[in-house]
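Each value in this text was obtained by applying a stated rule to the coordinates, not by laboratory testing. Bear in mind that the values here come from a model prediction, so they are computed numbers and not experimental data. Cβ sites come from the backbone with ideal geometry, for glycine too, and all protein chains shown count toward neighbours.
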Amino acid sequence: MRVRLGLRDALIVVDMQKDFMPGGALPVPEGDRIVPVLNEYIKLFAESGLPVFFTRDWHPQNHISFKGHGGIWPPHCVADTEGAAFHDDLEIPADNKFIISKGTSRDFDAYSGFQDTPLEALLRERGIKRVFIGGVATDYCVKNTLLGALNLGFQAFLLTDAIKGVDVNPGDSRKAIEFMLEKGAIALELSDLKI
Ligand code: VGL
Ligand code: ZN
């Protein structure tokens, strides 16, 4: 497949934070392996003058998704902690990039970058019609962000070489990918964009 980037395209990098990397509080196996690939996508979009959105989990200390506070997850991505910082090697462009914090209120969780954030408005203001989505975790925040985009009427490309899942149950990531494709996502890899 060949896809040529155009003015109505944006990249969304989901939750590439230290706590989701090997050694972090809620590690996604091999989550760090996709950093170089994401950097390639980031470079392509930035060089084309296209916006890049970085979502991040940005929880209060006693967040509802944490064990002991009603949730299933170990505490992770507490706002302003080292674990909530982006992976050191992730290349965040100087301009035309946006950081989208989610899950910021104690009583609500947000697996989608669109949930209670300005992401949709920022995309619409810029006339964006197609979003290209990579990051972690395939079976949680990537999945929900992508389905959110589709529900809002955006065309959504799943960057299959730039996602990693947690697989709480074996096969979760595979099923998530199948589900996204069934709902209308288009699978894409880096070589498809090299024009
Ligand atoms: C995520 C579990 C809990 C994610 C966030 O980014 O996929 N997963 N919070
Ligand atoms: Zn979270």
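Any residue at all in the range 97-109 that is touching a strand residue (DSSP E or B) at 6+ places or on another chain (Cβ under 7 Å), of a type outside the set (A, V, I, L, M), under 17 Å from ASP32 (Cα atoms) and buried (at least 21 other Cβ atoms within 10 Å of the Cβ)?
No, every residue in the range 97-109 fails to be touching a strand residue (DSSP E or B) at 6+ places or on another chain (Cβ under 7 Å), of a type outside the set (A, V, I, L, M), under 17 Å from ASP32 (Cα atoms) and buried (at least 21 other Cβ atoms within 10 Å of the Cβ).
VAL168 fails exactly one of the following numbered conditions: (1) within 16 Å of ligand 2 (Cβ to nearest atom); (2) under 15 Å from ALA10 (Cα atoms); (3) surrounded by fewer than 16 Cβ atoms within 10 Å (Cβ to Cβ); (4) not polar (S, T, N, Q). What is the number of that condition?
Single failed check for VAL168: (2).
Failed condition for VAL52, given (1) under 14 Å from the mean Cα position of the chain (by Cα); (2) within 15 Å of ligand 1 (Cβ to nearest atom), with all others met?
Every condition holds for VAL52 apart from (2).
Given the criterion within 14 Å of ligand 1 (Cβ to nearest atom) and of a type outside the set (A, V, I, L, M, F, W, C), identify the matching residue among LYS102, LYS97, LYS43.
When all the criteria are applied, what remains is LYS102.
Since ASP15 meets every condition but one in (1) within 16 Å of ligand 2 (Cβ to nearest atom); (2) over 24 Å from GLU125 (Cα atoms); (3) not polar (S, T, N, Q), which condition does it not meet?
Of everything listed in (1) within 16 Å of ligand 2 (Cβ to nearest atom); (2) over 24 Å from GLU125 (Cα atoms); (3) not polar (S, T, N, Q), ASP15 misses just condition (2).
Just give me the residues in the range 41-70 being touching a residue at least 12 places away in the same chain (Cβ under 8 Å) and under 21 Å from THR138 (Cα atoms), in sequence order.
Answer for the range 41-70, where residues must be touching a residue at least 12 places away in the same chain (Cβ under 8 Å) and under 21 Å from THR138 (Cα atoms): TYR41, ILE42, VAL52, PHE53, PHE54, THR55, ARG56, ASP57, TRP58, HIS59, SER65.
Looking only at the range 42-61, which residues are out of contact with any helix residue (DSSP H, G or I) (no Cβ under 8 Å at 6 or more places or on another chain) and assigned to a loop (DSSP other than H, G, I, E, B)?
Within the range 42-61, SER48, GLY49, LEU50, PRO60, GLN61 meet the criteria.
With the requirement that a residue be more than 10 Å from the chain's Cα centre (by Cα) and either in a strand (DSSP E or B) or basic (Lys, Arg) (or both), what does the range 126-145 give you?
Residues satisfying the conditions are ARG126, LYS129, ARG130, VAL131.
Search the range 23-40 for residues being free of Cβ contacts under 8 Å to residues at least 60 places away in the same chain and in contact with an Asp or Glu (Cβ under 6 Å, 6 or more places away or on another chain), and hand back the single one that is farthest from ligand 1 (Cβ to nearest atom).
Result: ASN39.
I need the full set of residues from the range 115-141 which are surrounded by 24 or more Cβ atoms within 10 Å (Cβ to Cβ) and away from ligand 2 (no atom under 14 Å from the Cβ), in order please.
LEU119, VAL131, PHE132, ILE133, GLY134, THR138
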